[in-house]
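Undergrad: Below is a structure I'd like to ask you about.
What follows draws every value from the coordinates through simple rules; no lab data is involved. No experiment lies behind these values; they were computed from the predicted model shown. Here the Cβ positions follow ideal geometry from the backbone for every residue, glycine too, while neighbour counts run over all protein chains shown.
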Number of protein chains: 2
Amino acid sequence: MRPTMKDVALAAGVALKTVSRVVNGEPGVNPATAERVREAIERLGYSRNESARVLRRGRTATVGLVIEDVADPFYAGLSRAVEEVTIVEGCLLLSGSSGEKPARERELVRTFCARRVDGLIVVPAGDDHSYLRPELDAGTPAVFADRPPGPGLDVDTVLSDNAGGAMEAVGHLLAHGHRRIAMLGDHPSIFTAAERLAGYRSALGQLFDPRLVAMRAPTPETVRTDLERMLALDSPPTALFTGNGRLTVTALRALGGRRMGLIGFDDFELADLLSPGVTVVAQDPAGMGRVAAELLFRRLSGDGGPSEHVQLPVRLIPRGSGELSP
Amino acid sequence: MRPTMKDVALAAGVALKTVSRVVNGEPGVNPATAERVREAIERLGYSRNESARVLRRGRTATVGLVIEDVADPFYAGLSRAVEEVTIVEGCLLLSGSSGEKPARERELVRTFCARRVDGLIVVPAGDDHSYLRPELDAGTPAVFADRPPGPGLDVDTVLSDNAGGAMEAVGHLLAHGHRRIAMLGDHPSIFTAAERLAGYRSALGQLFDPRLVAMRAPTPETVRTDLERMLALDSPPTALFTGNGRLTVTALRALGGRRMGLIGFDDFELADLLSPGVTVVAQDPAGMGRVAAELLFRRLSGDGGPSEHVQLPVRLIPRGSGELSP
DNA sequence: TTGAAAGCGCTAACAC
DNA sequence: GTGTTAGCGCTTTCAA
């Protein structure tokens, strides 16, 4: 069907290896011969079969990326940054969304490994990564982003300063006079959610009140219910800290214009256009992707040093909602 | 390094072919033998080398997706839908962002083809796709989404009803009493931008005024400049039609709370939370991705019928900004 | 039910 | 400079 090197060699009247040399830009080919080969390539519409090349060389020039959901702006930004670095390094990106399901994460990683990706960047959904052991031992490096791997796996990680960001957010609300500060977070089995809860708690100290905390997978209904319950308390919250971008938006809808101190973890588009503007603790998804990818490519180029653990700073952006008084 | 079928065969005391049969679930293997093989596979941590398999079989079980930018919510939604279908079909997704650069689109397609993807889904950046001819001839089907291919290429397409949506938007503003309706759109060399401009123009008829139209790659500065120019006219616009999601958001910022009729093409998160809510013509990015992917897989399973051209409906969602009177 | 041999398209190692 | 040979790990074909 498609022409092969052999076909090109035949057409150009040279040996197969000469075609290979031309295709790969190897030195030591007579310019005239090379020209003849190039002409045959053009004429036959030849393009190198990468599968064969990969099989022979052992490197696929492909990186696998497992995230939670490409349709989530945070992970979309991360993906784009990973892709950017990957392209520069001459590699391609295989990617897949786990949808927060450990089984799917595992399935994706397995599939990527069967395709012999050179390396992996994983935003884990589960917390048992023992299945990665053989792959790591076989020399496929992995970098974990956003969340660390389960116990027993010593790999590079790139995480945001989740606890610090939450502390800063709550501290900011405290500084503006709030004493009853509620938190809506994702299920604490998710690393980032647990870290942010820890930061929230430590910033509140004595003021901590478990009735002002709701941690579970958010839907419009659960958020509404949780908020209503809290607002019906004897001393209701005057401010709210939301544990991720989706929660912030859902909470804004549930609040329906009710005036209340609010700081959300994660920045989101249009946060500045709402009134009041929404104060957020901004992460840097693109930075996270870039750093993770660069770390991976350093490993791929032979860096065998001890595993690195990068913590990315977060940034509080005051826009109004976090500066309301109680 | 990694164990091969040969290693497994040796360990299990069978021939290589028997291992192959077990790995691929082919019938006609003695259960006891199969068990022995499985045990050896487990013990050695064997996993099939897909590159070798691909080389032999000719099919990669991989689909290539070229979009404009994963970090754009529209394309992120499309990607996720494509991924969904792809996974169900047992394939993997290679994807890349063209960043609206024809050269990069071409490069990505080339690279994907060199990896022998089974099929392609392309949101084109350029309008010359003659380079795809050899790939199509070699039997790699392609589906174009969001925008059609350049002239001379007869492939399946999945497009939104861009002109119809624009007409509906402008008609809606007219019905609410507006007569001076401006349009901000992307550069008309982009298919969707041109189509939406055509719809705008045809809905306006005699009311069309070229001074109320600005079509160019949007940046905060250009949008601000264009709007200021229009608003300084003797009879300034009382309403605005924006040609895509990014433009809508940028225009909202530039307007800075100024009360003005507004309908944007593309829905966006939080459009309902602004005040007034932003009326939009919503596309269905996930539907587009799904339909394109399904079309591709129908081709892959042998459907050789004439090329299909799906047009997806759009939906006007009134939220307030499009219902303001002049 | 099992196995031996050939070969997918390419690159590495070595002649010439 | 150029060509020959071997073999990457698998599936296909055919034989036992």
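Undergrad: When averaged across all projection directions, what area in nm² does the alpha-carbon convex hull of the protein assembly as shown cover?
TA: 34.8 nm²
Undergrad: Sticking with this structure for a sec: Extending each Cα 7 Å along its Cβ direction at B:Arg38 and A:Ala175, get the distance between those two points in nm, one decimal.
TA: So the two model labels end up 6.2 nm from each other.
Undergrad: List the equivalent ellipsoid semi-axes of chain B in whole Å, largest first, each obtained as the square root of 5λ for an eigenvalue λ of the Cα gyration tensor.
TA: 52, 19, 16
Undergrad: Using a simple charge model, +1 on the beta-carbon of Lys and Arg, -1 on the beta-carbon of Asp and Glu, nothing else, what dipole does region A:5-48 show about its Cα centre, in debye to the nearest 20?
TA: That gives region A:5-48 a dipole magnitude of about 120 debye.
Undergrad: Next question, about the same structure. What is the set of long-range amide H partners of B:Arg59 at a cut-off below 5 Å, with H atoms built 1.01 Å from backbone N?
TA: Amide H neighbours of B:Arg59, under 5 Å, 5+ apart: none.
Undergrad: Can you give me the long-range amide H partners of B:Ile121? Hydrogens built in the peptide plane at 1.01 Å from N, cutoff under 5 Å, separation of 5 or more residues or another chain.
TA: For B:Ile121, whose amide H was placed from the backbone, the distant partners under 5 Å are B:Gly64, B:Leu65, B:Val66, B:Val143.
Undergrad: With an 8 Å Cα cut-off and a minimum separation of 6 or more residues, compute the relative contact order for region B:5-48 in percent.
TA: 42 percent
Undergrad: Inter-copy label distances at A:Arg258, 7 Å along the Cα→beta-carbon direction, one decimal in nm, shortest first?
TA: Those label-point separations list as 3.6 nm.
Undergrad: Now for a separate question. Apply 1/(1 + (r/R0)^6) to the Cβ-Cβ distance of B:Glu107 and A:Arg315, taking R0 = 41 Å, and write down the FRET efficiency to the nearest 0.05.
TA: Once the sixth-power term is evaluated, E becomes 0.70.
Undergrad: How large is ³J(HN,Hα), in whole Hz, for each residue of region A:97-105 in order, when computed from phi with the Karplus curve 6.51 cos²θ - 1.76 cosθ + 1.60 and θ = phi - 60°, using x for Gly and Pro?
TA: 9, 7, x, 6, 9, x, 4, 6, 4
Undergrad: Would you please state which residues of region A:162-180 a label at A:Leu207 would reach in this model, taking the label point 7 Å out along Cα→Cβ and a backbone N cut-off of under 17 Å?
TA: Inside the label zone: A:164-180.
Undergrad: Hey, another quick one. Using a label point 7 Å beyond Cα on the Cα-Cβ vector, give me the inter-copy distances for A:Gly177 in nanometres, one decimal, shortest first.
TA: 4.1
Undergrad: Let me ask another. Please list, in order along region B:248-254, the HN-Hα scalar couplings obtained from phi with the Karplus expression 6.51 cos²θ - 1.76 cosθ + 1.60 (θ = phi - 60°), rounded to whole Hz, x for Gly and Pro.
TA: Those phi angles translate into 4, 5, 4, 5, 4, 5, 5 Hz.
Undergrad: Please report A:Val213, A:Val63 as a ranked list, fewest other C-beta atoms within 10 angstrom at the top and most at the bottom.
TA: Arranged by neighbour count, lowest to highest, A:Val213, A:Val63 become A:Val213, A:Val63.
Undergrad: Now for a different question. Collect residues whose amide H, placed 1.01 Å from N in the peptide plane, falls under 5 Å from the amide H of A:Ser307; neighbours closer than 5 in sequence don't count.
TA: none
Undergrad: Relative contact order, percent, of chain A when contacts are C-alpha pairs under 8 Å separated by at least 6 residues?
TA: 17 percent
Undergrad: Quick one: 3J(HN,Hα) in Hz for region B:37-47, Karplus 6.51/-1.76/1.60 with θ = phi - 60°, rounded, Gly and Pro as x.
TA: Going residue by residue, I get 5, 4, 5, 5, 4, 4, 5, 8, x, 6, 9 Hz, with x marking Gly and Pro.
Undergrad: Could I ask something else about it? Along Cα→Cβ, 7 Å out, is where each label goes; now give me the distance between the ones at B:Arg298 and B:Thr222 in nm to one decimal.
TA: Between B:Arg298 and B:Thr222, the simple spin-label model gives 3.7 nm.
Undergrad: Sort out for me the Cα centre separation of region A:34-105 from region B:1-73, rounded to whole Å.
TA: 21 Å
Undergrad: Let me ask something else about it. Find every distance from the label point of B:Pro326 to the corresponding label point in the other copies (7 Å from Cα along Cα→Cβ) and write them in nm, one decimal, shortest first.
TA: Copy-to-copy label distances at B:Pro326, shortest first: 5.2 nm.
Undergrad: Between B:Lys17 and B:Ser189, what length in nm is gained on full extension when 0.36 nm per residue of separation is reduced by their alpha carbon distance?
TA: Result for the pair: 56.3 nm of gain on full extension.
Undergrad: Check cross-link reach from A:Lys17 to the lysines: straight Cα distance under 17 Å, and skip same-chain residues fewer than eight apart.
TA: A:Lys6
Undergrad: Got the relative contact order for region A:100-157 handy, in percent, Cα pairs under 8 Å and 6 or more residues apart?
TA: 34 percent
Undergrad: If you wrap region B:1-58's Cα atoms in a convex hull and average its projection over all directions, what's the area in nm²?
TA: Its Cα hull, projected and averaged over all orientations, spans 3.9 nm².
Undergrad: Which residue, chosen from B:Ser321, B:Ala12, B:Leu136, occupies the Cα position most advanced towards the positive end of the dipole of chain B, where the dipole is computed from +1 (Lys, Arg) and -1 (Asp, Glu) charges on Cβ about the Cα centre?
TA: Of the candidates, B:Ala12 comes out farthest on the positive side.
Undergrad: In 10 Å bins starting at zero, report the fraction of Cα pairs in region A:1-157 per bin as a rounded %.
TA: With a bin width of 10 Å, the distribution comes to 10, 32, 23, 16, 15, 4, 0.
Undergrad: While we're on this one: To the nearest 500 deg cm²/dmol, what mean residue ellipticity at 222 nm is calculated for chain A from DSSP H runs of n ≥ 4 alone, each contributing -39,500 (n - 2.57), summed and divided by the residues?
TA: -13000 deg cm²/dmol
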